[in-house]
Structures are given as C-alpha cells and as structure tokens.
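Undergrad: Input: one structure, supplied below.
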Amino acid sequence: MALFLSTFVNRVDKKGRASVPATFRAALAGQSFPGIVAYRSFTGACIEGCGMDFMERLSDGAQTLDAFSPEQENLSSLIFADARQLPWDPEGRIVLPEDILAHAGITETVAFVGKGQTFQIWEPEAYKVVEAEIRARALQSRPTLPLRPKPPVGG
C-alpha cells in the first residue's frame, strides 16, 4: 500500500510538467501503472492524486452502491470519469492537463500534499490558506484518530 507523507513544492514548466516527489514515486513503485491517477477534487480547489491500487479500492467500494442510483452515478462521474492516468517521464515528471491545472488555479508552482494513502496537488499559496484553516479548526475541536490493531505477523 502506498503511503504519501509531507508537502513538496515544485515548479510547473510551460508544458504543464511537474516533478513528482521522489518519495511519492517510491511509494508507487511496483504498481500496475507507472505514474499517478489524478482527478479534480469535488471538495476543494485542488487535484486528488493516488495510485492505481487506491483507485481499485474506490471502485470496489462503489460496487456496494445500488447500480444506476443517483449516488453511484454521481460518484462515478466525479471520480472515475474525470480520472486521468498520468505516467511519469524518465525524469519523474508528469504532465498536468490544462483543465486540471485551471481547476486548482495552478500556474507556476505546485504543492504535492501527502494525505496518507492519497495526496492532493494544490497551488501552494491556496494550500497555505487551507492549511491554516484546518489547523485552526483542529485546535478548536481537538480531533482524535482511533488506531486499528496491528494484524498478527504472518496473519
């Protein structure tokens, strides 16, 4: 399972290419697709990113919804129909399509933001604002996170 940690800011060239952080590429090594899967977020002005393994898990989860239900149709369109497979070139760069860049307001620089099993791609200044809001909410609500027990070795 891929695990994405930290935040990295990289440049975007005139062709829309951005370097994927080396640790993100390492986390995705060995997957069925040599690159990332990206789609426009429907919760913020950013790009959602993940590996093919996570997309397969999302697809499995979508199978629990009633076929042709409004919820299933909406999620399929928002995620799967919008998703792009973005392979990396020999230098570890991806080409971000224009519509995805426009959705996130990205022009010259990009922030890859680790979110555990997924990551987001933001315009760096926009992410600073969102991060400050998240931290302020967390200070007020003091969220907790239950830890799942580790599976036994060999089981």
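Undergrad: Can you give me the C-alpha center-to-center distance between segment 1-26 and segment 129-152, rounded to a whole angstrom?
TA: Between the Cα centres of segment 1-26 and segment 129-152 lies a distance of 24 Å.
Undergrad: Quick check on packing: order 130-141, 71-82 by the mean number of other C-beta atoms within 10 Å, highest mean leading.
TA: Listed from highest to lowest mean packing, they are 71-82, 130-141.
Undergrad: Fewest Cβ neighbours within 10 Å first, please rank Tyr39, Tyr127 accordingly.
TA: Ordered by Cβ neighbours within 10 Å, fewest first: Tyr39, Tyr127.
Undergrad: Please give every one of the lysines within straight-line cross-link reach of Lys115, meaning a C-alpha to C-alpha distance under 20 Å, and leave out same-chain neighbours fewer than 8 residues apart.
TA: Counting by Cα, and skipping residues close in sequence, Lys115 has these lysines nearby: Lys128.
Undergrad: Still on this model: How large is log10 I(q)/I(0) at q = 0.18, 0.20 Å⁻¹ when the Debye formula is applied to the Cα atoms of segment 1-88, each weighted equally and without solvent?
TA: Log10 I(q)/I(0), no solvent term: -0.88, -1.04.
Undergrad: Considering the values (i) 46, 40, 39; (ii) 60, 37, 29; (iii) 47, 31, 25, which represents Cα extents along the principal axes in Å as calculated for the structure under consideration?
TA: (i)
No value in this document is a laboratory result; all are computed from the given coordinates. Not measured: the values here are computed from a predicted model. Quick reminder, even Gly has a Cβ in these numbers, built from the backbone with ideal geometry, and neighbours come from all protein chains shown.
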